[in-house]
Amino acid sequence: MRSMLFVASALALSACTTTAPVATSSASTDPGAHEAEFRGLYKELIETNTSFSVGSCTLASERMKARLLAAGYPESDLHILVNPGPKRPQDGNLVAILPGSDATQKPILLMAHIDVVEARREDWVRDPFVLTEDGGYFYARGASDDKAMAAIFVDSLVRFKQEGYKPARTIKMMLNCGEEANGEFIGADYMVKNHRALIDAEFALNEGAGGRMDPDTGKYIFNGVQAGEKLYQDFTIEITNPGGHSSRPVPDNAIYELGQALMKVQAYEFPIEFNDATRTFFRRMGAITPGQEGQDMRDAADGENAAAIRRLMANPSYNATLRTTCVATMITAGHAPNALPQRATANVNCRIFPGHTQEEIRQKLVGAINNADVKVSLKSPPETPMKPPPLPPHILGPIEQLTEKMWPGVPVIPAMATGATDGRFTTPAGIATYGVSGIFADSNTTNAHGLNERVGVKQLMEGRMFLYQLVKMYAGGK
Ligand SMILES: [Zn+2]
């Protein structure tokens, strides 16, 4: 399957690579200009399969590098780096640098992952690895997560070079592989551990937040910025038992014991907590949310009103914003249908509120289960806990100004991500990472990780204009 796929797309793509733009003084600084070139770039990136099973981030990196070279970037400012450990030459990460004129200002880092979640043709309405425009949407795997931002960042760097733009602050871009993978395959972790100096920056822009749109009216509700995220950790809950013949069952059974342990995990409520990002989130959302829900948000943010919080917890997203959550996601048990089970194991996935360690949460689970026979262990090596990055005026200000300019009256709302991004490697390494895209979507538009993933064409082009301008606001120069 692997080779077939590539041959097909290579042919299709060789056609569009010839359209790679060259450095020209007629480059317009109108944020929306050169849309055709952007569409060609986005299509090329989308149609380069970068799924873990059959794709190649290295091929995608080489194609984006070719565009940057054609725009005038010297080879010395373009780096394709592959983690030798996993022996997967196809897991290339791309770093591109546009040097700034003011060495007193630390660089800004533009981050996006170019790998995508698996997608099977037979499950989709359209080919997931062919960019399709239909009914005001772009459909494809990665259309939203995360090739929208990757394409916008490469396109912006191409335009900056063509315009002869000289930033004061150095602008770096890192396109990572392995964000959707695990362990040693995670490109961002490898880059932080092995190429820290190359990607050094004061702060980074990354996926993790976008604008929220009303699903019925299409009205823009708020533009999100993500500051901080919860810590991802899987725990293994395990019981063993001598077992025996199933024709002579005994009360002591590994599967039942595991079931009882999981019921206690389900019943356990981690304490309610707030940090700057989550308190600001509820305060600002409370200001634009009508009715009881809005009142509850304000009462929660300003007074930690227990009744208000209890009502908010009925909403899974607000619940996940208010505390650590742990949930059983996988279970394996038993070795034969006619034998009493000797081992029963469950995976419990926790999203840990910032400020707590994995060991602390493991102890909480042990306490909740309260059964010495039940073993609770970390499934994977613990990642570095992170303190949410601050949101100082020189970071939040430009986002608010640009949002007001592009979408007058639409508020900016900071939030803590309940999911995980590559920011969980860069922020603890000292590069404060913020999720911001300016790409609006309603709660059921993108279908990221799901079938028929999509992004609004208008919204993608607005995100392009937003990020192109935002980067220039941060980098200064002219
Ligand atoms: Zn993603």
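Quick rundown of the values:
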read-out	value
Given (1) open to solvent by 30 Å² or more (accessible area, probe 1.4 Å); (2) at pLDDT 95 or above; (3) more than 16 Å from the ligand (Cβ to nearest atom), number of the condition residue 454 does not satisfy	(3)
Qualifying positions in the stretch 188-209 - free of Cβ contacts under 8 Å to residues at least 60 places away in the same chain and surrounded by 21 or more Cβ atoms within 10 Å (Cβ to Cβ)	none
Every pair of residues 6+ apart whose Cβ atoms lie under 7 Å, when the first sits in the stretch 457-471 and is farther than 13 Å from residue 38 by Cβ while the second is open to solvent by 10 Å² or more (accessible area, probe 1.4 Å) and among the hydrophobic types (A, V, I, L, M, F, W, C)	459/439; 459/441; 466/406
Any hit, the stretch 173-187, residues being over 17 Å from the mean Cα position of the chain (by Cα) and within 29 Å of residue 34 (Cβ to Cβ)	no
Filter result for the condition that a residue is crowded, with 17+ Cβ neighbours inside 10 Å, outside the structural domain of residue 396 (by TED's automatic domain parsing) and assigned to a loop (DSSP other than H, G, I, E, B), over 282, 274	274
From 423, 409, residue being of a type in the set (Gly, Ala, Ser) and buried (at least 21 other Cβ atoms within 10 Å of the Cβ)	423
Filtered residues of the stretch 169-212 (kept if within 12 Å of the ligand (Cβ to nearest atom), within 21 Å of residue 108 (Cβ to Cβ) and charged (D, E, K, R))	179, 207
Selection count, the stretch 308-350, where residues are at pLDDT 95 or above, of a type in the set (D, E, K, R) and under 30 Å from residue 294 (Cβ atoms)	2
Output for the stretch 452-464, where each listed residue is over 18 Å from the mean Cα position of the chain (by Cα) and part of a loop (DSSP other than H, G, I, E, B)	452
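The values are calculated or read from the model by the stated rules, or taken from the named source; none is laboratory data. Only a predicted model underlies this, so the values are computations on that prediction, with no experimental measurement involved. Cβ: placed from backbone, ideal geometry, glycine included. Neighbour counts: every protein chain shown. To get the accessible areas, we keep the full protein, side chains included, count just its heavy atoms, and leave off ligands, DNA and RNA. Shrake-Rupley method; radii C 1.70, N 1.55, O 1.52, S 1.80 Å.
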